[in-house]
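The values are calculated or read from the model by the stated rules, or taken from the named source; none is laboratory data. If you're wondering where the values come from, they're calculated on a predicted model, not measured in any experiment. Cβ sites come from the backbone with ideal geometry, for glycine too, and all protein chains shown count toward neighbours.
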Amino acid sequence: MDIEKILPNGGPSIDEVKKYIDKYSNEIIVIKCGGSVLVDQNLFKQFIEDISAINKLNLSAIVIHGGGKNIKKKLDKLNIESKFIDGLRVTDEKTIKVVEEALLELNYDIINNLNNHQCNTKSVTPKNNNVIKITPEKKELGFVGFPIEINKDKLLNIIQEKKVPILVPMGMGDDGKVYNINADIAAGAVAKELNSRRLLLMTDVEGVLGKDKNLISNINSSVAKQMLKEGTISGGMIPKINTCLDAVNNGVTGVVIVDGRKPHSILFELFSDKGAGTLIRK
């Protein structure tokens, strides 16, 4: 394997990759991408290069993508107002169709770009090969689900074919209908089920910040709980941290809140000393 030919320009050095690569062999890395990565063309290109490099290094990755900004754009065009309860989008029958359409378009775009980089992929959506069974969230949220069962075998079969599963954050209910799932929650559920070595949550923030507003590169779950209690962790970071805590207490070795705005943030997080965000362990 010629590592030099696999790594993109501007990524970690060959020596750093060699230092860390064995750590992830025979392990699974779950990556949730969202925010600017899916909107900014340059960041998207680097995200594609990072996933492609992981695949060519013979490592196993699963990607789950959000689509918030894409969904909002489509809803705005149709004059459908977005309402949120506890950070979750209220999704009626009209909205779920738009959400599904936006996510499938994005899924196709990611797969197309990865295939152009000679990266083997497989689209995973509720209607063609569902892997997430849900229970409906609060009634007032409409078609929003919470994962209760992950089809581990389906995902492992795709990985064994040396392909990267690209999941839309949606699942099926017992009623045979499609439900929207918060992408962080979906990624956490998949990572737990597969006992993944790493769960990377890509965001538009540096990571977890302390009271002094400086980045904390490493915390354990008891410190994170204390920060939640004190209100140091607030707003949109709360559900992310709760997903992290749930994951590390249920079989995931470490969860990282990754600053997706940094160049090649995935590769730097996996294969460098400095990382690209905040690592949370049990």
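Can you name every one of the strands (runs of 3 or more DSSP E) wholly within the range 195-282 that holds 2 or more residues which are free of Cβ contacts under 8 Å to residues at least 24 places away in the same chain and of a type in the set (Lys, Arg)? First the steps, then the outcome.
On the way: elements: 198-203, 218-220, 254-259, 277-281.
Answer list for the range 195-282: none.
Inspect the range 263-272 for any residue being of a type in the set (Phe, Trp, Tyr), at negative phi and either out of contact with any helix residue (DSSP H, G or I) (no Cβ under 7 Å at 6 or more places or on another chain) or surrounded by fewer than 19 Cβ atoms within 10 Å (Cβ to Cβ) (or both) and give the result as yes or no.
To start, the set of residues in the range 263-272 that are of a type in the set (Phe, Trp, Tyr) comprises 268, 271.
Then drop every residue that is not at negative phi, which leaves 268, 271.
Checking which are either out of contact with any helix residue (DSSP H, G or I) (no Cβ under 7 Å at 6 or more places or on another chain) or surrounded by fewer than 19 Cβ atoms within 10 Å (Cβ to Cβ) (or both) leaves us with 268.
Yes: the range 263-272 contains one or more residues that are of a type in the set (Phe, Trp, Tyr), at negative phi and either out of contact with any helix residue (DSSP H, G or I) (no Cβ under 7 Å at 6 or more places or on another chain) or surrounded by fewer than 19 Cβ atoms within 10 Å (Cβ to Cβ) (or both).
Select, from 171, 176, 145, the only residue that is at positive phi and either at pLDDT below 95 or assigned to a strand (DSSP E or B) (or both).
Values: 171 fails: at positive phi; 145 fails: at positive phi.
Sole residue among the options that is at positive phi and either at pLDDT below 95 or assigned to a strand (DSSP E or B) (or both): 176.
When the residues of the range 60-118 are narrowed to those that are over 17 Å from residue 169 (Cβ atoms) and in a strand (DSSP E or B), which ends up nearest to the chain's Cα centre (by Cα)?
Taking the candidates together, the pick is 60.
Yes/no per residue for (1) in contact with a Phe, Trp or Tyr (Cβ under 7 Å, 6 or more places away or on another chain); (2) closer than 25 Å to residue 111 by Cα; (3) surrounded by fewer than 23 Cβ atoms within 10 Å (Cβ to Cβ); (4) of a type outside the set (A, V, I, L, M, F, W, C):
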position	(1), (2), (3), (4)
135	yes, no, yes, yes
138	no, no, yes, yes
148	no, no, yes, no
152	no, yes, yes, yes
155	no, yes, no, no
160	no, yes, yes, yes
163	no, yes, yes, yes
168	no, yes, no, no
175	no, no, yes, yes
